[in-house]
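One structure is given here, and the rest of the page talks about it.
The values are calculated or read from the model by the stated rules, or taken from the named source; none is laboratory data. All values derive from a computational prediction rather than experimental measurement. Neighbour counts are summed over all protein chains in view; Cβ atoms, including those assigned to glycine, are modelled from backbone coordinates with ideal geometry. Accessible surface areas use protein heavy atoms only, side chains included; no ligands, DNA or RNA. Shrake-Rupley method; radii C 1.70, N 1.55, O 1.52, S 1.80 Å.
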Amino acid sequence: MRVKTILVSQPEPKMENSPYSRLIEKEKVKVDFRPFIHVEGVKAKSVRQQKIDLNNYTAIILTSRNSVDHFFRIAEEMRFKVPDTMKYFCQSEAVAYYLQKYVVYRKRKIYVGQRSFGDLIPMFKKYKDEKFLLPSSDVLKPEIPKVLDEMNLNWKRGIFYKTVISDLSDLRNVYYDVLVFFSPSGIESLLKNFPDFKQNDTRIAVFGNSTVKAATEAGLRIDIKAPTPETPSMSMALQKYISDVNK
């Protein structure tokens, strides 16, 4: 079965020369982007109900751009002036770079991991006496609290935003050759929006072990997986699969 159409369950990349542009050009396929989930901020009142007073923290743990945006949104709603002495522990360089939207970049207060949350452990050890706040979604990877608890850090999680299933009802009678998922929430959204979904000839592409698990538990047949040693990105995995089946 040749592949002509792909639906990626994420927003369209903002960069002009994205890997998907190259995929479209090389394989002559149609790629659409549609977020299956979106993020909604919770109100300051909800944060207060979690017994969080921003004055009590000396360090903020930031795992995503959303956590950056919603921390500063809540600070503004609470009329809390974030002190210049606040330290920021960012999971990746992308998060640290995005943080510059709100604070002047100073090495002495911004600490950056490589990619996974565990990369921050040496920095947590160095600053173990700080009082840490983790602004997060209602969905949190289990490894994050596990790492923080094992280090006996003084930390608190605050739910500052929620992951919400998007309304996809306009896609009911639209069919794609490949559906691409990056999170268990994306699989959940598919099944909530279309409880009678039948896979038939639709190919399912998944990124990451937790997404593989969610798709398998949902009874879906997985045709394309990433990352692998051969195809570390989803666009590479799609490219390889399509060039094989469209020969």
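Details
- Only helices (runs of 4 or more DSSP H) whose full extent lies in segment 56-144 are considered here, and the ones with at least 1 residues that are under 20 Å from the mean Cα position of the chain (by Cα) and under 19 Å from residue 157 (Cα atoms) are 65-77, 93-99.
- Here residue 157 meets each of (1) over 30 Å from residue 52 (Cα atoms); (2) open to solvent by 40 Å² or more (accessible area, probe 1.4 Å); (3) in contact with a Ser or Thr (Cβ under 7 Å, 6 or more places away or on another chain) with one exception, condition (1).
- Residues satisfying the stated conditions in segment 137-174, i.e. aliphatic (A, V, I, L, M) and more than 15 Å from residue 118 (Cα to Cα): 139, 159, 164, 165, 168, 171, 174
- Residue that is nearest to residue 17 (Cα to Cα) [pool: residues in segment 223-247 that are β-branched (Val, Ile, Thr) and touching a residue at least 24 places away in the same chain (Cβ under 8 Å)]: 242
- Each residue in segment 205-222 was checked for being at negative phi and in contact (Cβ under 8 Å) with a residue 24 or more places away in the chain, and 10 of them qualify.
- Qualifying residues in segment 3-26 (those that are among the aliphatic types (A, V, I, L, M) and free of Cβ contacts under 8 Å to residues at least 60 places away in the same chain) - the one least open to solvent (accessible area, probe 1.4 Å): 24
- Matching entry among 26, 43 (being in contact with a helix residue (DSSP H, G or I) (Cβ under 8 Å, 6 or more places away or on another chain), at pLDDT below 95 and not small (Gly, Ala, Ser)): 26
- Residue under evaluation residue 31, criteria (1) open to solvent by 40 Å² or more (accessible area, probe 1.4 Å); (2) assigned to a strand (DSSP E or B), criterion not met: (1)
- Test: residue in segment 168-191 that is more than 30 Å from residue 42 (Cα to Cα), among the acidic types (Asp, Glu), in contact with an Asp or Glu (Cβ under 8 Å, 6 or more places away or on another chain) and open to solvent by 20 Å² or more (accessible area, probe 1.4 Å): yes
- For beta carbons closer than 7 Å, sequence separation of 6+ or different chains, a first residue in segment 167-185 that is farther than 29 Å from residue 138 by Cα and a second that is open to solvent by 50 Å² or more (accessible area, probe 1.4 Å) and not aliphatic (A, V, I, L, M), the qualifying pairs are 177/4.
- Residue that is without any contact (Cβ under 8 Å) to a residue 60 or more places away in the chain and either in contact with a Leu (Cβ under 9 Å, 6 or more places away or on another chain) or under 22 Å from residue 144 (Cβ atoms) (or both), where the choices are 87, 30: 87
- Test for residue 57: is it at pLDDT below 95 and either touching a helix residue (DSSP H, G or I) at 6+ places or on another chain (Cβ under 8 Å) or of a type outside the set (D, E, K, R) (or both): no
- Subset tally (residues that are under 20 Å from residue 204 (Cβ atoms) and either out of contact with any helix residue (DSSP H, G or I) (no Cβ under 8 Å at 6 or more places or on another chain) or in a loop (DSSP other than H, G, I, E, B) (or both)) for segment 12-23: 0
- Residue ID - nearest to residue 150 (Cα to Cα), chosen from residues in segment 112-136 that are crowded, with 19+ Cβ neighbours inside 10 Å and of a type in the set (A, V, I, L, M): 120
- With respect to the conditions (1) free of Cβ contacts under 8 Å to residues at least 40 places away in the same chain; (2) in contact with a helix residue (DSSP H, G or I) (Cβ under 8 Å, 6 or more places away or on another chain); (3) farther than 28 Å from residue 212 by Cα, residue 155 lacks only one, and its number is (1).
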